[in-house]
Amino acid sequence: MRLGLAENWPQFTLLVVVNAFVGGMVGLERATTSLVGTRIFHLTGYLAVFSFIVAFGVTKALTNLAAGQLTARYTRKSLLVAGWVAGLPVPFLLAWAPAWGWIVAANLLLGVNQGLAWSMTVNMKIDLVGPSNRGLAMGLNEAAGYMAVGATALATGYLAAAYGLRPVPELIGVAYAVAGLALSVLVVRDTAAHVAAETAAPRPGPGQRHASAGSGPAAGTAVATRKPFSMIFLDTSWRNRSLRGASQAGLVNNLNDGLTWGVFPLLFASRGLGLAAIGLIKGVYPLLWGAGQLLTGRLSDTLGRKPLIVSGMVVQAAAFPAALALPSRPLVAGLASAVLLGAGTAMVYPALIASVADHTHPSWRAQGLGVYRFWRDLGYAVGAVIAGLIAGAFGLSAAVMAGGVLTLLSGLLAARWIAGNHSRR
């Protein structure tokens, strides 16, 4: 059993395609669901409108945490298939929900779908390529997922402008769910043998050696002994400085994503933009986020994780005042903000995942990634709650500025905590 991208390219490519379908599922909601809440179900409170994001974020975070544990008992492939089974009802619920509670329920299922299916594509790609090309692998994985998010957001905006907010835009998801489930059942192969091959390797990767040299208790433990999950949770969340830095940066990255997911459609609609223009803004951001990772994933293998993480958080922070800079030209302001958010997130996203992989041993990497992804995706819910509270008290513009301040502070913490290593051999 050989590790490497070239040695495993057919399965790697298949998993890239599957993750594009996973990303497309969450892209169904980016441009329209906040407006569905206000225009179809006549919700008035911002917390009520953003409740679908809270449901999605909490469920996805908990599923990520469970997924890491479940990999010790079940195969990656079986968990991938389970994620697609959970996702099948989602587009139908979004299209024909008779009450807002059904939309919230759809997002509970969507959180399970994303937590299992996206987590397994991440783990399986890392399993296939081994330690030397993790950044590239994550760049390709996240590029496929988030370019699909952006393309779907763009498509749903134009479909909503032509046919209304429901049901036509949401039915794109039926094709995604059916295709993703079929490929996962019929063609994807499990990667347990690749995990065994890396675990049996005679020496750890440079990332593990560096991590164990001074990142806190049990940092980057490079022994194949089984670690209790409580220790893995503590190491990833706090005791290992680099993993702590990555976890908080991931949380704030998705905090600002969750905030813009809920706030931007309402903000730009209040400034006179139509559904197609809002779809364009909400599409450009994840499209650049996805496409940029084709470059930044590889750069994190050569330049290092930390420079991309810190500079990416600063670029994201600049996107929030940009969204408010030209109130008389909201489309220009929205697109400028989307470009900065997309570029900054592209710098951060694969570098964070690869950094976590650097500081975890193969025997507990899936659990460590699950803990990181728990904190990262809990950011969706935290961002939605913060946005709802601040927007309700001070307005949508104040919520946008709060997102920028929190993102900048997170970048400073990442600069302080994350070790400046990379995994190049």
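The values are calculated or read from the model by the stated rules, or taken from the named source; none is laboratory data. Note that this is a predicted model, so its numbers are computed, not measured. Here the Cβ is made from the backbone with ideal geometry for all residues, glycine too, and neighbour counts use every protein chain on show. To get the accessible areas, we keep the full protein, side chains included, count just its heavy atoms, and leave off ligands, DNA and RNA. Shrake-Rupley method; radii C 1.70, N 1.55, O 1.52, S 1.80 Å.
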Inset, instruction - Quote the charge dipole size of the range 231-339 about the Cα centre in Debye, to the nearest 20; the model charges only the Cβ of Lys and Arg (+1) and of Asp and Glu (-1). - result: 160
Legend entry - Candidates Gly388, Gly342, Gly274: whichever shows maximal mean-square fluctuation once the chain is modelled as a Gaussian network with Cα springs under 10 Å: Gly274
Legend entry - Cβ-based charge dipole, the chain, positive-most Cα from Pro362, Pro89, Ala105: Pro362
Inset, instruction - Please give the calculated 222 nm ellipticity per residue for the chain, where each DSSP H segment of at least 4 residues contributes -39500 (n - 2.57) and the sum is spread over every residue; nearest 500 deg cm²/dmol? - result: -25500 deg cm²/dmol
Inset, instruction - Please report, as a whole percent, how much of the solvent-accessible surface of the chain comes from carbon and sulfur atoms (probe radius 1.4 Å). - result: 71
Inset, instruction - Classify the range 294-392 as rounded, prolate or oblate, taking a ≥ b ≥ c as the square roots of the eigenvalues of its Cα gyration tensor: rounded when a/c is under 1.5, otherwise prolate if a/b is larger than b/c and oblate if not. - result: oblate
Inset, instruction - Counting only heavy atoms of the protein chains, get the accessible area per residue of the range 33-157 (1.4 Å probe) and round it to a whole Å² value. - result: 29
Legend entry - Accessible area per residue in Å² at 1.4 Å probe, computed on the range 230-290: 23
Inset, instruction - Please compute the net charge surrounding Phe264, taking Lys and Arg as +1 and Asp and Glu as -1 over other residues with Cβ under 10 Å from its Cβ. - result: +2
Inset, instruction - Set the Förster radius R0 to 45 Å, insert the Cβ-Cβ distance between Met231 and Met1 as r into 1/(1 + (r/R0)^6), and round the FRET efficiency to 0.05. - result: 0.95
Inset, instruction - Binning at 20 Å from 0, report for the chain what percent of all alpha-carbon pair distances ends up in each bin. - result: 30, 59, 11, 0
Inset, instruction - Just name one of Leu14, Gly130, Leu116: the one whose Cα is farthest towards the positive end of the charge dipole of the chain (beta-carbon charges, Lys/Arg +1, Asp/Glu -1). - result: Gly130
Inset, instruction - Report, in debye and to the nearest 20, how large the dipole of the chain comes out about its Cα centre when Lys and Arg carry +1 and Asp and Glu carry -1 on their Cβ. - result: 780
Inset, instruction - Could you please state, rounded to a whole Å, how far the C-alpha centre of the range 104-179 is from the C-alpha centre of the range 314-390? - result: 16
Inset, instruction - Would you please classify the overall shape of the range 45-135 from the alpha carbon gyration tensor, given that a ≥ b ≥ c denote the square roots of the eigenvalues, rounded means a/c under 1.5, and beyond that prolate means a/b larger than b/c while oblate covers the rest? - result: prolate
Legend entry - Positive-end extreme of charge dipole, the chain - chosen from Ala393, Leu159, Thr38 (charges on Cβ): Ala393
Inset, instruction - Return the loop-located trypsin sites (Lys or Arg not before Pro) in the range 35-80 (DSSP other than H, G, I, E, B) with at most 14 other Cβ atoms within 10 Å of their own Cβ; answer none if there are none. - result: Arg73
